[in-house]
Amino acid sequence: PSGSVQILGLHIDVTDAVTESTWSLKQSNASVQIDAKELTSTWQGVLSQPGGGEGSLQGETIVGWASETMMPITLKIDADSLPISILSLAARRFPESELPASITGDLSGSATVKMPSSGYPHVSLRKIELRGLAAFDPSNGNRLWGNELTQLDGDWIWHPGQIVARQVSAKTDFASVALNGTFSDSISLAGAGSNPLAWLDRVDATADMHID
């Protein structure tokens, strides 16, 4: 089987029924192509948030047909100043998720998730930046917590019983951590390779605390 579908100029408005705030997805295009080997879908759009401010999102999904067991999937996403305030909608819809009811900030960077037919994922993060991240109490507007700049980079690869970290780094306003090596995917006090000391042996970390 083969074929293709294109969607051009899609516009979607999503309104929070409680706060009457509206997020808009505009300038959106999407395409789907199917052939004998795989399904390929690409999309792009601009997300604007209440009160102004917008950012772009584009991506690609590839689903292979070759495997008789689990279909291999590759997901690629690129974001530029994408408003994460839309997570407030998810927090209202799924209160058990423990997401903040009101959150601000924007997201930039690239992420690739590969799910091979083996079922063990490979996650790559490239120059992920969360800027102006803050959570608020919607009842009084008080800020609960915040972080001006969060940076993430590196690769995570899952194998049976273990996780491989390659050049993984994370930085916030108050701390940074770097990971390299192979870790157990569980932590136990008795395991030779899964005890906390085995994890810490592969961690290169620094932390600076700022207290007002």
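The values are calculated or read from the model by the stated rules, or taken from the named source; none is laboratory data. These figures come from a predicted structure and were not determined experimentally. FYI the Cβ positions are ideal-geometry reconstructions off the backbone, even for glycines, and counts take in every protein chain you see. Each accessible area value is taken on the protein alone, full model and side chains, heavy atoms only, with ligands, DNA and RNA left out. Shrake-Rupley method; radii C 1.70, N 1.55, O 1.52, S 1.80 Å.
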Computed over the Cα atoms of region 29-167, the Rg and Dmax in Å are 17.9, 56
Packing-based ranking, highest mean first, of 89-100, 158-169 given that Cβ atoms within 10 Å are counted
158-169, 89-100
Shape metrics for region 94-151, restricted to C-alpha atoms - Rg then Dmax, Å:
15.6, 49
Where the centroid of each part is defined by its Cα atoms, how far is region 115-148 from region 80-108 in Å?
9 Å
Counting Lys and Arg as +1 and Asp and Glu as -1, each charge on the Cβ, what is the dipole of region 68-160 about the Cα centre in debye, to the nearest 20?
100 debye
Name the residues whose placed amide hydrogens come within less than 5 Å of the amide hydrogen of Ile128, ignoring near sequence neighbours (fewer than 5 apart) on the same chain.
Ser110, Leu152
With all protein chains in place and a 1.4 Å probe, Ser85 shows an accessible area in Å² (nearest 10) of 10 Å²
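Any idea what the relative contact order of region 81-187 is, in percent, if you count C-alpha pairs under 8 Å spaced at least 6 apart? Could you put the intermediate results ahead of the total?
Values: 240 pairs, mean separation 19.2, N = 107.
In percent, rounded to a whole number, it is 18.
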Using a 1.4 Å probe on the protein chains only, how many percent of the accessible area of region 12-117 belongs to carbon and sulfur?
57 percent
With every protein chain kept in the model, how would you rank Lys26, Lys171 by accessible area, 1.4 Å probe, largest at the top?
Lys171, Lys26
Tell me, what ³J(HN,Hα) does each residue in region 44-51 have, in order and in whole Hz, if you take phi through Karplus 6.51 cos²θ - 1.76 cosθ + 1.60 with θ = phi - 60° and put x for Gly and Pro?
7, x, 10, 9, 10, 10, x, x
Total formal charge among the other residues, if their Cβ is under 9 angstrom from that of Thr74, Lys/Arg +1 and Asp/Glu -1:
+1
13 Å beta-carbon shell around Pro100, net charge (K/R +1, D/E -1)
0
With DNA, RNA and ligands ignored, accessible area of Glu148 (1.4 Å probe; Å², nearest 10):
120 Å²
Counted charge near Thr22, where neighbours are those whose Cβ lies closer than 10 Å (Asp, Glu -1; Lys, Arg +1):
-3
Rounded to two decimal places and with Rh computed the Kirkwood way over Cα pairs, what is Rg over Rh for region 29-106?
1.12
